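Notes for the one structure printed next.
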Amino acid sequence: MTTPRIYMMAAEPSGDLLAREVVEDIRKRLPDTHISGIGGSELASVGIKSAIDISPLSILGFFEGLKAYGDVVRLADAAAEAIIADKPDVVVLVDSWGFMLRVAQRVRLQAPDIRLVKLVGPQVWATRPGRAKTLASVVDHLLCIHDLEVPFYEPFGLKTTVIGNPAISRHIQGDAVHFRQTHHMPATDKIVLVLPGSRSSEIKRVAPELVEAARKLKSNDPSLNIVFMPASNVASQFSEAFPDLNDWAIVSSDPGVRYDAMAAADLALACSGTVTTELAMQDTPMIVTYKTGWITWTLARGLLYSKRHITLLNIVSDDQEIVPEFVQTRQKADDIAAKAQDWLDNPNELAAQLNRQRKALERMKEGDRDASEIAAGVILEEAAARSAGAISHQS
(Lines give C-alpha, C1' and ligand atoms only; values in the text may rest on other atoms or scores of the structure.)
Protein backbone atom coordinates (compact mmCIF):
# COMPACT_ATOMS: atom_id res chain seq x y z
CA MET A 1 0.00 0.00 0.00
CA THR A 2 1.25 3.47 -0.85
CA THR A 3 1.61 6.03 1.91
CA PRO A 4 -1.84 7.56 2.54
CA ARG A 5 -2.25 11.27 1.90
CA ILE A 6 -4.82 12.93 4.15
CA TYR A 7 -5.98 16.54 4.11
CA MET A 8 -7.67 17.83 7.29
CA MET A 9 -9.80 20.96 7.19
CA ALA A 10 -11.30 22.70 10.25
CA ALA A 11 -12.72 26.21 10.40
CA GLU A 12 -13.76 26.62 14.05
CA PRO A 13 -12.16 25.90 17.45
CA SER A 14 -14.24 22.82 18.28
CA GLY A 15 -13.59 21.36 14.82
CA ASP A 16 -9.90 22.23 15.08
CA LEU A 17 -9.67 20.26 18.34
CA LEU A 18 -11.43 17.23 16.87
CA ALA A 19 -9.24 17.38 13.77
CA ARG A 20 -6.11 17.35 15.92
CA GLU A 21 -7.37 14.33 17.88
CA VAL A 22 -8.08 12.45 14.65
CA VAL A 23 -4.62 13.29 13.32
CA GLU A 24 -3.04 11.87 16.48
CA ASP A 25 -5.03 8.63 16.11
CA ILE A 26 -4.11 8.31 12.44
CA ARG A 27 -0.43 8.69 13.30
CA LYS A 28 -0.72 6.00 15.99
CA ARG A 29 -1.95 3.58 13.35
CA LEU A 30 0.25 4.68 10.44
CA PRO A 31 3.04 7.04 11.56
CA ASP A 32 4.22 7.70 8.02
CA THR A 33 0.86 9.04 6.82
CA HIS A 34 1.23 12.32 4.94
CA ILE A 35 -1.14 14.81 6.57
CA SER A 36 -1.64 18.40 5.45
CA GLY A 37 -4.41 20.77 6.35
CA ILE A 38 -6.14 24.03 7.02
CA GLY A 39 -7.10 24.92 10.56
CA GLY A 40 -6.11 26.73 13.72
CA SER A 41 -3.87 26.36 16.75
CA GLU A 42 -4.82 22.74 17.50
CA LEU A 43 -3.73 21.43 14.11
CA ALA A 44 -0.68 23.68 14.30
CA SER A 45 0.25 22.03 17.62
CA VAL A 46 0.72 18.70 15.82
CA GLY A 47 2.80 20.20 13.04
CA ILE A 48 0.11 20.97 10.47
CA LYS A 49 0.61 24.52 9.27
CA SER A 50 -2.54 26.01 7.81
CA ALA A 51 -2.34 26.76 4.10
CA ILE A 52 -4.70 29.73 4.47
CA ASP A 53 -5.95 32.00 7.26
CA ILE A 54 -9.51 30.93 8.12
CA SER A 55 -10.09 33.48 10.92
CA PRO A 56 -12.64 35.49 8.84
CA LEU A 57 -14.98 32.51 9.19
CA SER A 58 -15.64 33.33 12.85
CA ILE A 59 -19.18 34.42 12.01
CA LEU A 60 -22.62 33.42 13.14
CA GLY A 61 -26.10 33.63 11.73
CA PHE A 62 -27.78 33.98 8.36
CA PHE A 63 -27.50 37.77 8.02
CA GLU A 64 -23.93 37.83 9.29
CA GLY A 65 -23.10 35.07 6.81
CA LEU A 66 -24.52 37.13 3.97
CA LYS A 67 -22.36 40.10 4.95
CA ALA A 68 -19.29 37.86 4.94
CA TYR A 69 -20.28 35.98 1.79
CA GLY A 70 -17.41 37.41 -0.21
CA ASP A 71 -14.92 36.14 2.37
CA VAL A 72 -16.60 32.71 2.43
CA VAL A 73 -16.40 32.33 -1.36
CA ARG A 74 -12.82 33.61 -1.49
CA LEU A 75 -11.70 31.24 1.26
CA ALA A 76 -13.56 28.29 -0.25
CA ASP A 77 -11.80 28.92 -3.57
CA ALA A 78 -8.43 29.20 -1.84
CA ALA A 79 -9.04 26.07 0.24
CA ALA A 80 -10.02 24.00 -2.79
CA GLU A 81 -6.93 25.21 -4.65
CA ALA A 82 -4.66 24.26 -1.73
CA ILE A 83 -6.30 20.85 -1.40
CA ILE A 84 -6.01 19.95 -5.07
CA ALA A 85 -2.38 21.09 -5.17
CA ASP A 86 -1.60 18.71 -2.28
CA LYS A 87 -3.07 15.73 -4.19
CA PRO A 88 -4.56 13.92 -1.19
CA ASP A 89 -6.35 10.57 -1.21
CA VAL A 90 -8.92 11.83 1.29
CA VAL A 91 -10.11 15.25 2.39
CA VAL A 92 -11.71 15.40 5.85
CA LEU A 93 -14.11 18.33 6.24
CA VAL A 94 -14.76 18.97 9.92
CA ASP A 95 -18.05 20.54 11.06
CA SER A 96 -18.85 24.11 9.73
CA TRP A 97 -21.62 23.00 7.38
CA GLY A 98 -22.00 25.96 5.01
CA PHE A 99 -18.32 26.58 4.39
CA MET A 100 -17.37 22.93 4.11
CA LEU A 101 -20.18 22.33 1.62
CA ARG A 102 -18.71 24.99 -0.65
CA VAL A 103 -15.24 23.48 -0.37
CA ALA A 104 -16.60 19.99 -1.09
CA GLN A 105 -18.45 21.20 -4.18
CA ARG A 106 -15.31 22.82 -5.57
CA VAL A 107 -13.08 19.82 -4.92
CA ARG A 108 -15.65 17.41 -6.33
CA LEU A 109 -15.92 19.46 -9.51
CA GLN A 110 -12.19 19.87 -10.06
CA ALA A 111 -10.85 16.54 -8.73
CA PRO A 112 -13.71 14.00 -8.58
CA ASP A 113 -11.37 11.10 -7.75
CA ILE A 114 -10.44 12.52 -4.30
CA ARG A 115 -12.48 10.91 -1.49
CA LEU A 116 -14.41 13.41 0.62
CA VAL A 117 -15.28 12.59 4.24
CA LYS A 118 -17.53 14.86 6.32
CA LEU A 119 -16.64 14.68 9.99
CA VAL A 120 -19.73 15.78 11.97
CA GLY A 121 -22.77 16.44 9.83
CA PRO A 122 -25.35 19.22 9.93
CA GLN A 123 -28.09 18.79 12.52
CA VAL A 124 -30.64 17.45 10.03
CA TRP A 125 -32.63 15.92 12.90
CA ALA A 126 -33.27 19.40 14.28
CA THR A 127 -33.39 21.68 11.27
CA ARG A 128 -33.54 21.54 7.45
CA PRO A 129 -33.54 17.76 6.83
CA GLY A 130 -33.10 18.49 3.11
CA ARG A 131 -29.42 19.05 3.82
CA ALA A 132 -29.04 15.26 4.00
CA LYS A 133 -29.65 14.98 0.25
CA THR A 134 -27.31 17.90 -0.44
CA LEU A 135 -24.50 16.38 1.61
CA ALA A 136 -24.97 12.96 0.05
CA SER A 137 -24.50 14.48 -3.39
CA VAL A 138 -20.99 15.81 -2.66
CA VAL A 139 -19.25 13.56 -0.11
CA ASP A 140 -18.40 9.86 0.01
CA HIS A 141 -18.72 9.18 3.74
CA LEU A 142 -20.28 10.88 6.77
CA LEU A 143 -18.93 10.44 10.28
CA CYS A 144 -21.82 11.48 12.49
CA ILE A 145 -22.32 11.79 16.24
CA HIS A 146 -25.71 10.14 16.86
CA ASP A 147 -27.61 7.06 15.72
CA LEU A 148 -30.65 9.23 15.13
CA GLU A 149 -28.86 10.91 12.19
CA VAL A 150 -28.44 7.75 10.11
CA PRO A 151 -32.03 7.36 8.83
CA PHE A 152 -31.90 10.82 7.25
CA TYR A 153 -29.09 9.70 4.90
CA GLU A 154 -30.17 6.15 4.11
CA PRO A 155 -32.56 7.15 1.28
CA PHE A 156 -29.66 8.84 -0.53
CA GLY A 157 -27.14 6.00 -0.22
CA LEU A 158 -24.50 7.94 1.73
CA LYS A 159 -22.13 5.74 3.72
CA THR A 160 -22.54 6.75 7.37
CA THR A 161 -20.58 5.77 10.47
CA VAL A 162 -21.62 6.77 13.99
CA ILE A 163 -18.57 7.82 16.02
CA GLY A 164 -20.30 9.11 19.16
CA ASN A 165 -19.87 12.49 20.80
CA PRO A 166 -16.22 13.65 20.73
CA ALA A 167 -16.63 15.59 23.98
CA ILE A 168 -17.70 12.41 25.76
CA SER A 169 -14.85 10.42 24.21
CA ARG A 170 -12.15 12.71 25.58
CA HIS A 171 -12.21 11.33 29.12
CA ILE A 172 -10.38 14.36 30.49
CA GLN A 173 -11.27 14.84 34.13
CA GLY A 174 -10.49 18.30 35.42
CA ASP A 175 -8.49 18.79 38.59
CA ALA A 176 -10.73 20.88 40.82
CA VAL A 177 -8.33 20.83 43.75
CA HIS A 178 -5.43 22.10 41.62
CA PHE A 179 -7.53 24.94 40.22
CA ARG A 180 -8.67 26.05 43.67
CA GLN A 181 -5.16 25.84 45.10
CA THR A 182 -3.72 27.82 42.20
CA HIS A 183 -6.20 30.63 42.80
CA HIS A 184 -6.19 30.38 46.62
CA MET A 185 -9.84 29.35 46.84
CA PRO A 186 -10.73 27.11 49.80
CA ALA A 187 -13.00 24.15 49.15
CA THR A 188 -15.81 25.96 50.95
CA ASP A 189 -15.69 28.97 48.59
CA LYS A 190 -18.26 29.01 45.81
CA ILE A 191 -17.20 29.45 42.18
CA VAL A 192 -19.33 30.54 39.24
CA LEU A 193 -17.70 29.86 35.87
CA VAL A 194 -18.78 32.01 32.92
CA LEU A 195 -18.18 30.69 29.39
CA PRO A 196 -19.16 33.52 27.00
CA GLY A 197 -18.55 31.78 23.67
CA SER A 198 -16.00 31.13 20.96
CA ARG A 199 -17.24 33.36 18.14
CA SER A 200 -17.01 37.07 17.61
CA SER A 201 -20.78 37.39 17.32
CA GLU A 202 -21.26 35.54 20.61
CA ILE A 203 -19.01 38.00 22.42
CA LYS A 204 -21.22 40.77 21.01
CA ARG A 205 -24.62 39.21 21.63
CA VAL A 206 -24.30 36.68 24.44
CA ALA A 207 -21.41 37.86 26.60
CA PRO A 208 -22.94 41.19 27.76
CA GLU A 209 -25.88 39.50 29.51
CA LEU A 210 -23.63 36.84 31.02
CA VAL A 211 -21.21 39.47 32.32
CA GLU A 212 -24.05 41.49 33.81
CA ALA A 213 -25.59 38.40 35.42
CA ALA A 214 -22.22 37.53 36.97
CA ARG A 215 -21.84 41.11 38.17
CA LYS A 216 -25.20 40.89 39.91
CA LEU A 217 -24.25 37.62 41.59
CA LYS A 218 -20.98 39.15 42.82
CA SER A 219 -22.86 42.18 44.11
CA ASN A 220 -25.22 39.91 46.05
CA ASP A 221 -22.32 37.95 47.53
CA PRO A 222 -18.88 39.62 47.47
CA SER A 223 -17.25 36.36 48.63
CA LEU A 224 -18.38 34.59 45.46
CA ASN A 225 -15.57 33.74 43.04
CA ILE A 226 -16.35 34.60 39.41
CA VAL A 227 -14.20 33.05 36.66
CA PHE A 228 -14.53 34.09 33.01
CA MET A 229 -13.13 31.76 30.35
CA PRO A 230 -13.60 33.05 26.80
CA ALA A 231 -12.20 30.89 24.01
CA SER A 232 -8.63 31.81 23.12
CA ASN A 233 -9.55 32.96 19.62
CA VAL A 234 -11.88 35.68 20.99
CA ALA A 235 -9.97 36.47 24.21
CA SER A 236 -8.65 39.84 23.05
CA GLN A 237 -12.08 40.91 21.79
CA PHE A 238 -13.61 39.89 25.13
CA SER A 239 -11.01 41.80 27.15
CA GLU A 240 -11.50 44.92 25.03
CA ALA A 241 -15.28 44.73 25.42
CA PHE A 242 -15.13 44.26 29.20
CA PRO A 243 -11.95 45.95 30.46
CA ASP A 244 -12.88 46.09 34.15
CA LEU A 245 -13.46 42.39 34.80
CA ASN A 246 -10.05 41.82 36.41
CA ASP A 247 -11.14 44.20 39.18
CA TRP A 248 -13.70 41.70 40.49
CA ALA A 249 -13.17 38.39 38.68
CA ILE A 250 -10.60 36.02 37.24
CA VAL A 251 -10.26 36.09 33.46
CA SER A 252 -8.43 33.28 31.67
CA SER A 253 -8.36 31.91 28.14
CA ASP A 254 -5.79 29.21 28.88
CA PRO A 255 -7.14 25.96 27.37
CA GLY A 256 -4.85 24.02 29.67
CA VAL A 257 -6.96 24.84 32.74
CA ARG A 258 -10.35 24.75 31.03
CA TYR A 259 -11.45 21.40 32.43
CA ASP A 260 -9.94 22.17 35.84
CA ALA A 261 -12.09 25.30 36.06
CA MET A 262 -15.19 23.37 35.01
CA ALA A 263 -14.58 20.68 37.62
CA ALA A 264 -13.99 23.27 40.34
CA ALA A 265 -17.07 25.37 39.58
CA ASP A 266 -20.24 25.06 41.63
CA LEU A 267 -22.22 26.45 38.71
CA ALA A 268 -21.59 27.52 35.12
CA LEU A 269 -23.26 30.18 32.99
CA ALA A 270 -22.57 29.15 29.41
CA CYS A 271 -23.13 30.23 25.85
CA SER A 272 -24.76 27.34 24.01
CA GLY A 273 -22.41 25.02 22.13
CA THR A 274 -20.08 22.06 22.55
CA VAL A 275 -19.15 23.43 25.95
CA THR A 276 -22.46 22.24 27.42
CA THR A 277 -21.49 18.60 26.90
CA GLU A 278 -18.03 19.31 28.32
CA LEU A 279 -19.61 20.82 31.43
CA ALA A 280 -21.85 17.81 31.85
CA MET A 281 -18.80 15.56 31.62
CA GLN A 282 -17.20 17.53 34.45
CA ASP A 283 -20.38 17.17 36.53
CA THR A 284 -20.97 20.91 36.61
CA PRO A 285 -24.53 22.28 36.92
CA MET A 286 -25.20 24.80 34.16
CA ILE A 287 -27.49 27.50 32.85
CA VAL A 288 -27.38 28.05 29.08
CA THR A 289 -27.93 31.27 27.15
CA TYR A 290 -27.92 32.27 23.51
CA LYS A 291 -28.87 35.05 21.13
CA THR A 292 -28.49 35.45 17.41
CA GLY A 293 -29.49 38.06 14.83
CA TRP A 294 -33.21 38.63 14.38
CA ILE A 295 -33.28 37.56 10.74
CA THR A 296 -31.60 34.29 11.67
CA TRP A 297 -33.92 33.82 14.65
CA THR A 298 -37.06 34.52 12.63
CA LEU A 299 -36.04 32.10 9.90
CA ALA A 300 -35.04 29.41 12.37
CA ARG A 301 -38.21 29.60 14.43
CA GLY A 302 -40.51 30.07 11.47
CA LEU A 303 -39.03 27.73 8.88
CA LEU A 304 -35.91 25.82 9.84
CA TYR A 305 -35.78 24.57 13.41
CA SER A 306 -38.08 21.77 14.58
CA LYS A 307 -37.00 21.45 18.23
CA ARG A 308 -38.12 23.49 21.23
CA HIS A 309 -34.63 23.58 22.73
CA ILE A 310 -31.07 24.15 21.53
CA THR A 311 -29.00 22.36 24.19
CA LEU A 312 -28.10 18.79 23.23
CA LEU A 313 -28.75 17.51 26.76
CA ASN A 314 -32.31 18.78 26.40
CA ILE A 315 -32.82 17.51 22.86
CA VAL A 316 -31.77 13.94 23.72
CA SER A 317 -34.12 14.10 26.73
CA ASP A 318 -37.17 14.07 24.45
CA ASP A 319 -36.82 17.83 23.94
CA GLN A 320 -37.51 18.55 27.61
CA GLU A 321 -35.74 21.39 29.43
CA ILE A 322 -33.29 19.44 31.58
CA VAL A 323 -30.86 22.38 31.45
CA PRO A 324 -32.44 25.85 31.83
CA GLU A 325 -32.20 27.87 28.62
CA PHE A 326 -32.39 31.65 28.38
CA VAL A 327 -32.54 32.16 24.64
CA GLN A 328 -33.13 35.22 22.46
CA THR A 329 -35.85 37.37 24.12
CA ARG A 330 -35.43 35.40 27.37
CA GLN A 331 -31.70 36.14 27.54
CA LYS A 332 -31.91 38.72 30.33
CA ALA A 333 -29.24 39.25 32.97
CA ASP A 334 -31.77 39.68 35.79
CA ASP A 335 -33.48 36.37 35.03
CA ILE A 336 -30.21 34.48 34.55
CA ALA A 337 -28.85 35.85 37.82
CA ALA A 338 -32.07 35.06 39.69
CA LYS A 339 -31.99 31.43 38.56
CA ALA A 340 -28.30 31.12 39.42
CA GLN A 341 -28.81 32.71 42.84
CA ASP A 342 -31.66 30.34 43.62
CA TRP A 343 -29.43 27.36 42.91
CA LEU A 344 -26.48 28.77 44.84
CA ASP A 345 -28.73 29.37 47.85
CA ASN A 346 -30.21 25.86 47.70
CA PRO A 347 -27.66 23.02 47.58
CA ASN A 348 -30.48 20.50 47.13
CA GLU A 349 -31.48 22.24 43.89
CA LEU A 350 -27.91 22.03 42.60
CA ALA A 351 -27.80 18.33 43.49
CA ALA A 352 -31.10 17.72 41.68
CA GLN A 353 -29.78 19.53 38.61
CA LEU A 354 -26.67 17.36 38.57
CA ASN A 355 -28.81 14.24 38.71
CA ARG A 356 -30.87 15.43 35.74
CA GLN A 357 -27.73 16.20 33.73
CA ARG A 358 -26.19 12.80 34.52
CA LYS A 359 -29.25 10.99 33.20
CA ALA A 360 -29.25 13.10 30.03
CA LEU A 361 -25.53 12.47 29.52
CA GLU A 362 -26.06 8.70 29.70
CA ARG A 363 -28.42 9.00 26.74
CA MET A 364 -25.64 10.57 24.68
CA LYS A 365 -23.05 7.83 25.15
CA GLU A 366 -22.51 5.53 22.16
CA GLY A 367 -19.96 2.94 23.29
CA ASP A 368 -16.45 2.33 24.57
CA ARG A 369 -14.33 3.46 21.59
CA ASP A 370 -13.25 7.07 21.24
CA ALA A 371 -14.85 9.14 18.49
CA SER A 372 -11.47 10.14 17.07
CA GLU A 373 -10.32 6.49 17.00
CA ILE A 374 -13.37 5.41 14.99
CA ALA A 375 -12.99 8.39 12.66
CA ALA A 376 -9.30 7.66 12.06
CA GLY A 377 -10.07 4.09 11.07
CA VAL A 378 -12.72 5.12 8.54
CA ILE A 379 -10.49 7.81 7.02
CA LEU A 380 -7.62 5.38 6.50
CA GLU A 381 -10.03 2.85 4.97
CA GLU A 382 -11.22 5.51 2.53
CA ALA A 383 -7.60 6.35 1.66
CA ALA A 384 -6.82 2.68 1.05
CA ALA A 385 -9.92 2.27 -1.13
CA ARG A 386 -8.99 5.30 -3.19
CA SER A 387 -5.42 4.08 -3.59
CA ALA A 388 -6.60 0.59 -4.61
CA GLY A 389 -9.02 2.10 -7.10
CA ALA A 390 -6.28 4.22 -8.65
CA ILE A 391 -3.98 1.18 -9.02
CA SER A 392 -6.79 -0.88 -10.53
CA HIS A 393 -7.57 1.88 -13.00
CA GLN A 394 -3.91 2.18 -14.05
CA SER A 395 -3.58 -1.55 -14.63
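Using C-alpha positions alone, give me the convex hull volume of the chain per residue in cubic angstrom.
With only Cα atoms used, the chain gives 137 Å³ per residue.
Using helices alone, I'd like the mean residue ellipticity at 222 nm for the chain: each DSSP H run of four-plus residues gives -39500 (n - 2.57), total over residue count, nearest 500.
When only DSSP H runs of four or more count, the value is -14000 deg cm²/dmol.
Please name whichever of TRP248, GLY37, GLY157 sits farthest to the positive end of the charge dipole of the chain, dipole taken about the Cα centre and charges placed at Cβ: Lys and Arg +1, Asp and Glu -1.
Result: GLY157.
In whole angstrom, note down how far apart the Cα centers of segment 181-241 and segment 315-351 are.
Cα centroid of segment 181-241 versus Cα centroid of segment 315-351: 17 Å apart.
Hey, what's the Cα Rg ratio for segment 100-173 versus the globular rule of thumb, 2.2 N^0.38 Å?
1.16
To test your reading of the geometry: what angle, between 0 and 90 degrees and rounded to tens, separates the Cα axis of helix 371-394 from the longest principal axis of the chain?
10 degrees
Leaving out same-chain residues fewer than 8 places away, which lysines sit with a Cα under 20 Å from that of LYS118?
Qualifying lysines at Cα under 20 Å: LYS87, LYS133, LYS159.
Between 0 and 90 degrees, rounded to the nearest ten: what's the tilt of helix 333-345 against the longest Cα principal axis of the chain?
70 degrees
Taking the convex hull of the alpha carbon atoms in segment 1-124, what volume per residue do you get, in Å³?
For segment 1-124, the hull spanned by Cα atoms encloses 106 Å³ per residue.
Sequence neighbours fewer than 8 away in the same chain don't count; with that in mind, list the lysines whose C-alpha is under 29 Å from LYS359.
Within the straight-line cut-off, LYS359 pairs with LYS190, LYS291, LYS307, LYS332, LYS339.
Skip the ligands, DNA and RNA, and give the accessible area per residue of the chain with a 1.4 Å probe, whole Å².
Each residue of the chain exposes 44 Å² on average to a 1.4 Å probe.
Using the alpha-carbon atoms, what tilt in degrees (0 to 90, nearest 10) does helix 97-110 show relative to the longest principal axis of the chain?
10 degrees
Would you mind putting 10-22, 235-247 in packing order, based on average other-beta-carbon counts within 10 Å, highest first?
Per-residue mean Cβ counts within 10 Å order the peptides as 10-22, 235-247.
What is segment 148-243 by shape, rounded, prolate or oblate, if you read a ≥ b ≥ c off the alpha carbon gyration tensor as root eigenvalues and call it rounded for a/c under 1.5, prolate for a/b larger than b/c, and oblate otherwise?
Prolate, because a/c is 1.5 or more and a/b exceeds b/c.
Show me, for segment 318-332, the HN-Hα J-couplings you get by feeding each phi into the Karplus relation (A = 6.51, B = -1.76, C = 1.60, θ = phi - 60°), rounded to Hz, glycine and proline as x.
6, 6, 9, 7, 6, 9, x, 10, 10, 10, 6, 5, 8, 7, 10
For ILE35, enumerate residues with amide H under 5 Å from its amide H, sequence gap 5+ or separate chain, H modeled in the peptide plane.
ILE6
The values are calculated or read from the model by the stated rules, or taken from the named source; none is laboratory data. Please read all numbers here as calculations on a predicted model, not as lab measurements. All Cβ positions, glycine included, derive from the backbone under ideal geometry; neighbour counts span all protein chains shown. Note: accessible area is taken over every heavy atom of the protein model, side chains too, but ligands, DNA and RNA are not part of it. Shrake-Rupley method; radii C 1.70, N 1.55, O 1.52, S 1.80 Å.
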